[in-house]
Amino acid sequence: MSFYAKPLKIALGLAVIAGLIIVPMNFNRYGLFILSQWAVMSIAAMGLNLTLGYAGQVSLAQGAFVGIGAYASAIMTTHGWPLPAAILVAIVLSFAVGWVLGYPALRVQHHYLAFVTLAFSTLAFLVFRNESWLTGGIYGISNIPRPHFFGLATNKPLPFYYVCLGSLAIVSLAVWWLIRSPWGRAFMALRENPLRAQSLGIDTRRYTLMAFAIGSALGGVAGALYAPLTQYIDPVPFNLSLSLDLLMMVIVGGAGFYFGPFLGAMIAVLLPEWLRFTEGYYLMLYAVAVMLLLIWSPTGILGILDRYLAERRTRAASALRAVAKSRLETVQ
Amino acid sequence: MSAVLEVTDIKKSFGGIHAVNGVSFDVREGEILGLIGPNGCGKSTLFNCILGQLTPSGGEVKLDGKAVTGLRPAELNKLGVSRTFQLLQVFPKLSVRENLILAGQEHQGNMASRLVGRSDAGLTDAANQMIGFFKLDHLADEPAGGLSYGQQKLLDAAMAFMGGPRLVLLDEPAGGVNPSMLADLKDRLVAINREKNATFVVIEHNMEFVMSLCSRVMVMAEGKVLAMGRPDEVRKNPAVIEAYLGH
């Protein structure tokens, strides 16, 4: 069984990637928009998964970092800068702000940290709304251009979907690298047992700040793509409810699982579309589904899978032990 | 023999309670110093003050003659001071090998190399050696949470040695460990002490374990040092008998 597991996983991964590239080719404009939105939200949720899922630092401010990235991108690209430069600025800016927001986490944890980040979220929203000389205030910023890459325009939905998908691929690889590096192990140690981590030389201060900064930077990347995706931004999408949505994506998908954010973003972005036939009942159904899921499996959807696999491994191991024991008895 | 650790007049109070009330001692290079005393006499608080987990209310800690009072635990660990805790502190979801890699990784390279370099920080061989040394070979890939209590205790101790420390403070390593595994543990500690020239301070209630392992024993009572000396001397000390047996 385990002999085939790795090639099977690779084949499945390639099939999903091929599907994401080929299937949307005959999607309509709206379908492509939804799928692009999924890619963008996956990036933001992956950032939060790093901060919350791996490093265990609660944040209710991820939506604000999407906003910071979106405004940086909108302001720069409407002034003629290319999108890659805007993404870079969005990364640097949200990394720096995320680093600073990490400082309270060195003193407060859990619910208290949630409140600190919630306050920051509100603050960011007020800046987006009130500093109209920079952000256009409640009128927002419109006519945000989509980029040209090597002479190819991406202003049609399909090419821009590929821009989002390509960015998601790059971020996914980077995050995969990060979590299997010693940093990923240190983040996990920070979440599981900070006291022991310190005694093993793990600089918990620095890793806490890094967890915040990197997670926030990914929020910035998502925002920098969100602006050219919608081509118009105002402060409303970046209020607290986006932070809560992103938190929900991470929790529902499975916090601390690599594929959790992809799944969580899929549910949060696509489920409303699938449940459209229920008309006004969509939100109620969604709420009930989330409640039931979290009662059944507090570790999210991937938590269910993880439990199932762990059980199977235990069963296989005890079967092996039984066989070994019976052989031993036969020999005697 | 020079002193690795010098502790001078360390005090720690919680409100009106003087948990540690002016303790001074030194630990000589290569020795195994036992630290015993009734429950609540301040042994663990003293450890936490030395290791920077608590800020002492007064006094000084010197490592190799340099003041290290008030350094953070991670900084002290980088200087070669390691510890185990009274309660088990392994990472249950990580495998035995990964626990050991985690325990050593911050002693390899710098922040940047730990990000872009190898995911095992080049420690797989060292971890395997440690696994072999503590006879945990058959469990190397098991999640640490699935091990028996005694095995986790061994892993916990092994983790303290991954960074190649000069000084290790062990807080009740024998607590809850069955006799045969205890013999293993003692054997391994003595081997590391001799081969790596690592210096130990061991808090322990198991008298037999302390008396046979340690070259010197310090006895604490009510936040103060009651006696210090060779195990056989301390055992005969009337003040020690008094503190242990009560009035």
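Key figures for this structure:
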| item | result |
| --- | --- |
| Matching residues, the stretch A:191-204, being in contact with a Gly (Cβ under 9 Å, 6 or more places away or on another chain) and either surrounded by fewer than 24 Cβ atoms within 10 Å (Cβ to Cβ) or among the polar types (S, T, N, Q) (or both) | A:Arg191, A:Glu192, A:Pro194, A:Gln198 |
| Enumeration of residues in the stretch A:212-242 that are touching a Leu at 6+ places or on another chain (Cβ under 8 Å) and either within 14 Å of chain B (Cβ to nearest Cβ) or over 26 Å from A:Arg146 (Cβ atoms) (or both) | A:Phe212, A:Ile214, A:Gly215, A:Leu240 |
| Candidates B:Lys66, B:Lys43, filtered to the one that is basic (Lys, Arg), farther than 21 Å from B:Ile203 by Cα and modelled with pLDDT under 95 | B:Lys66 |
| Options A:Ile214, A:Ile267: the member that is without any contact (Cβ under 8 Å) to a residue 60 or more places away in the chain and either under 20 Å from A:Leu134 (Cα atoms) or not hydroxyl-bearing (Ser, Thr, Tyr) (or both) | A:Ile267 |
| Count - residues of the stretch B:118-145 that are in contact (Cβ under 8 Å) with a residue 24 or more places away in the chain and either within 30 Å of A:Arg315 (Cβ to Cβ) or within 13 Å of chain A (Cβ to nearest Cβ) (or both) | 15 |
| Answer residue from the stretch B:161-217, given it is out of contact with any strand residue (DSSP E or B) (no Cβ under 7 Å at 6 or more places or on another chain) and polar (S, T, N, Q) and is nearest to B:Ser2 (Cα to Cα) among those | B:Asn197 |
| Conditions (1) hydroxyl-bearing (Ser, Thr, Tyr); (2) farther than 20 Å from B:Glu172 by Cβ; (3) surrounded by 16 or more Cβ atoms within 10 Å (Cβ to Cβ); number of the one not met by B:Ser2 | (3) |
| Filtered residues of the stretch B:79-89 (kept if surrounded by fewer than 24 Cβ atoms within 10 Å (Cβ to Cβ) and more than 8 Å from every other protein chain (Cβ to nearest Cβ)) | B:Leu79, B:Gly80, B:Gln86, B:Leu87, B:Leu88 |
| Some residue of the stretch A:37-58 being touching a Leu at 6+ places or on another chain (Cβ under 7 Å) and either aromatic (Phe, Trp, Tyr) or surrounded by fewer than 13 Cβ atoms within 10 Å (Cβ to Cβ) (or both) | yes |
| Helices (runs of 4 or more DSSP H) fully within the stretch A:101-211 counting 2 or more residues that are within 14 Å of chain B (Cβ to nearest Cβ) and within 26 Å of A:Gly260 (Cα to Cα) | A:157-180, A:182-192, A:194-199 |
| Positions within the stretch B:53-78 being among the polar types (S, T, N, Q) and either more than 30 Å from B:Leu139 (Cβ to Cβ) or surrounded by 22 or more Cβ atoms within 10 Å (Cβ to Cβ) (or both), in sequence order | B:Thr55, B:Ser57, B:Thr69, B:Asn77 |
| Selection within the stretch B:156-188 - within 12 Å of chain A (Cβ to nearest Cβ) and either over 12 Å from the mean Cα position of the chain (by Cα) or farther than 17 Å from B:Val90 by Cα (or both) | B:Met162, B:Gly163, B:Gly164, B:Pro165 |
| One residue from A:Val269, A:Val252 being closer than 17 Å to A:Leu60 by Cα, under 17 Å from the mean Cα position of the chain (by Cα), modelled with pLDDT under 95 and away from chain B (no Cβ under 14 Å) | A:Val252 |
| The stretch A:261-287 - residue that is closer than 24 Å to A:Ile68 by Cα and out of contact with any Ser or Thr (no Cβ under 7 Å at 6 or more places or on another chain) and, of those, surrounded by the fewest Cβ atoms within 10 Å (Cβ to Cβ) | A:Met266 |
| Failed criterion for A:Val89 (all others in (1) assigned to a helix (DSSP H, G or I); (2) crowded, with 21+ Cβ neighbours inside 10 Å hold) | (2) |
| Residue that is under 14 Å from the mean Cα position of the chain (by Cα) and more than 30 Å from B:Arg97 (Cβ to Cβ), where the choices are A:Ala174, A:Ala222, A:Ala211, A:Ala227 | A:Ala222 |
| Residues that are buried (at least 24 other Cβ atoms within 10 Å of the Cβ) and part of a helix (DSSP H, G or I), drawn from the stretch A:230-241 | A:Phe238 |
| Count - residues of the stretch B:106-116 that are surrounded by fewer than 23 Cβ atoms within 10 Å (Cβ to Cβ) and assigned to a loop (DSSP other than H, G, I, E, B) | 4 |
| Unique residue being out of contact with any Pro (no Cβ under 7 Å at 6 or more places or on another chain), farther than 16 Å from B:Gly145 by Cα and more than 10 Å from chain A (Cβ to nearest Cβ) when the list is B:Leu115, B:Leu76, B:Leu71 | B:Leu71 |
| The stretch B:94-105, subset under 14 Å from A:Gly184 (Cα atoms) and of a type outside the set (Val, Ile, Thr), residue surrounded by the most Cβ atoms within 10 Å (Cβ to Cβ) | B:Ala103 |
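The values are calculated or read from the model by the stated rules, or taken from the named source; none is laboratory data. Note that this is a predicted model, so its numbers are computed, not measured. With ideal geometry, Cβ positions are generated from the backbone for all residues, glycine too; neighbour counts draw on all protein chains shown.
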